[in-house]
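Undergrad: I am attaching a structure below and will ask some questions about it afterwards.
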Amino acid sequence: MKYNPHMLALALTCAVSAAAAIAAGYQSMSPTGQWYGQTFTGLPCPSRQLALTYDDGPNPLHSLRLLEVLAKHNVHATFFLIGLYVRQHPEIARALVQAGHIVGNHTFTHPLLTFKSEAEIRQELHQCRSALQDAIGQHSNLFRPPFGGRRPAVLRVARELGLEPVMWNVTGYDWNAPPASVIESKVSNQIRGGNVILLHDGGHKQLGADRSQTLIATDRLLARYHAERYEFVTIPRMMQSAGARVEPG
């Protein structure tokens, strides 16, 4: 075959473009990726702090039961709530706050924001903020993008609204409700200290998702890591340890 430098250059260009596209797509969903802007993902090692976070509530079946588990261990967590569910169950959002937990913005309908216009992103965040304010009044300035999906516009709009993006660096992969032992194993295999742990007390597809296994796993994880002298803190408390910006919403 005759050597053709133009074809080789074209092939290399296509390969580089494909690799860049793959990397960009990965960074838009990777919880610890920072290409598109800084987000909070935890503290550097070594740290004895851990932060439990729960997405997709409030859930009329399991959020209040989770409060009982957390109270049993005298732990406060951070809940990223879907505004639509808050409208339907404001009493659960109030119960979270009254129990001393932190509440953050998880959009109004839980869309993948990477495919939304800036106007749509702003509307999702604003509607969720309004739902939270109506239910509980003043709350945190924390925001977590659904699915972790983001691009520069998502973070820019969030910060224009005074919101601080929070991701995670440990997940229990509990959205499909696996057994508690699986959730516990997934989390414990990733714990290094200073971690933000992602779990779910609700489900974005519909109200009333079964999170009974997450509750059991939470109970076991709290017992285990308290015994190992870890301290469970809220996201604002952890951010203060890191010197990050923490404000009321």
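Undergrad: So, Val233, is that one open to solvent by less than 60 Å² (accessible area, probe 1.4 Å), at pLDDT 95 or above, over 24 Å from Gly149 (Cα atoms) and hydrophobic (A, V, I, L, M, F, W, C) or not?
TA: Working: open to solvent by less than 60 Å² (accessible area, probe 1.4 Å): yes; at pLDDT 95 or above: yes; over 24 Å from Gly149 (Cα atoms): yes; hydrophobic (A, V, I, L, M, F, W, C): yes.
Yes: the conditions hold for Val233.
Undergrad: From the residues in the stretch 29-66 that are open to solvent by 20 Å² or more (accessible area, probe 1.4 Å) and in a helix (DSSP H, G or I), which one is modelled with the lowest pLDDT?
TA: Met29
Undergrad: Given (1) open to solvent by 10 Å² or more (accessible area, probe 1.4 Å); (2) modelled with pLDDT of 80 or more, identify the lone condition not met by Val103.
TA: Every condition holds for Val103 apart from (1).
Undergrad: Out of the stretch 106-133, which residues are out of contact with any Cys (no Cβ under 9 Å at 6 or more places or on another chain), open to solvent by less than 40 Å² (accessible area, probe 1.4 Å) and free of Cβ contacts under 8 Å to residues at least 60 places away in the same chain?
TA: Pro111, Leu113, Ile121, Glu124, Leu125, Cys128, Ser130, Ala131
Undergrad: Moving on to the next point. Please go through the stretch 182-212 and pick out each residue that is aliphatic (A, V, I, L, M) and part of a strand (DSSP E or B).
TA: So in the stretch 182-212, the residues aliphatic (A, V, I, L, M) come out as 182-183, 187, 191, 196-199, 207, 209.
Val196, Ile197, Leu198, Leu199, listed by residue number.
Undergrad: Within the stretch 85-117, can you find the residues that are over 17 Å from His139 (Cα atoms) and in a helix (DSSP H, G or I)? Walk me through how you get there before you give the answer.
TA: The first filter runs over the stretch 85-117 and keeps only residues over 17 Å from His139 (Cα atoms), leaving 88, 109-117.
Listed by number, the residues that qualify are Gln88, Leu113, Thr114, Phe115.
Undergrad: Then there's this: Which residues, counting only those in the stretch 67-85, are open to solvent by less than 10 Å² (accessible area, probe 1.4 Å), within 17 Å of the chain's Cα centre (by Cα) and either on the phi > 0 side of the Ramachandran plot or not aromatic (Phe, Trp, Tyr) (or both)?
TA: Hits for the stretch 67-85 are Ala77, Thr78, Leu81, Ile82, Gly83.
The values are calculated or read from the model by the stated rules, or taken from the named source; none is laboratory data. This is a predicted model, so every value here is computed, not measured. Because the Cβ atoms are built from the backbone with ideal geometry, glycine has one as well, and the counts that use them run over all protein chains shown. Calculation scope for accessible area: heavy atoms of the full protein, side chains included, ligands and nucleic acids excluded. Shrake-Rupley method; radii C 1.70, N 1.55, O 1.52, S 1.80 Å.
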